[in-house]
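Participant: Pasting a structure below so you can have a look.
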Amino acid sequence: MPVGILAGISILMFIFIWWWFPRHWRKGVAADMAEVDEARRHRDAAIIERATQRGIEGAAYGQEDGDSKEVAKPKLTYVPPVAGY
């Protein structure tokens with residue numbers, strides 16, 4: 001009898017967690033994505049505002065005065081670990 005009660009409680013807890021966890025996980029991911037999108041909108045608006053204040057067309061893409069320049073990419077090198085264990 002006590003084993004059956006414990007099993008029933010365990011099953012109910014498992015069902016509750018199976019229902020609750022994914023639901024809140026999705027809500028959290030949606031909230032994080034909304035925050036990232038908002039930050040991206042603010043960043044893009046600041047880039048556009050800065051470009052219009054300078055009178056530069058295409059400054060958001062590394063272009064000045066309409067000419068198409070490639071943006072310099074940093075050279076990636078191997079960095080060895082700090083200490084070997």
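The values are calculated or read from the model by the stated rules, or taken from the named source; none is laboratory data. Being a predicted model, the structure only gives us computed values, none of them experimental. Counting neighbours? That spans all protein chains shown, and the Cβs are built from the backbone with ideal geometry, glycine included.
Participant: Every residue in segment 1-28 that is among the aliphatic types (A, V, I, L, M) and surrounded by 10 or more Cβ atoms within 10 Å (Cβ to Cβ), please.
Facilitator: Within segment 1-28, LEU6, ALA7, ILE9, ILE11, LEU12, MET13, ILE15, ILE17 qualify.
Participant: For segment 56-75, what are the residues that are modelled with pLDDT under 75, of a type outside the set (Asp, Glu), in a loop (DSSP other than H, G, I, E, B) and out of contact with any Asp or Glu (no Cβ under 9 Å at 6 or more places or on another chain)? Explain how you work it out, then say what you get.
Facilitator: Going residue by residue through segment 56-75, those that are modelled with pLDDT under 75 are 56-74.
When the remaining residues are screened for being of a type outside the set (Asp, Glu), the result is 56, 58-63, 66, 68-69, 71-74.
Restricting the remaining residues to those that are in a loop (DSSP other than H, G, I, E, B) gives 56, 58, 62-63, 66, 68-69, 71-74.
Once the filter is applied, which keeps residues that are modelled with pLDDT under 75, of a type outside the set (Asp, Glu), in a loop (DSSP other than H, G, I, E, B) and out of contact with any Asp or Glu (no Cβ under 9 Å at 6 or more places or on another chain), segment 56-75 yields SER68, LYS69, VAL71, ALA72, LYS73, PRO74.
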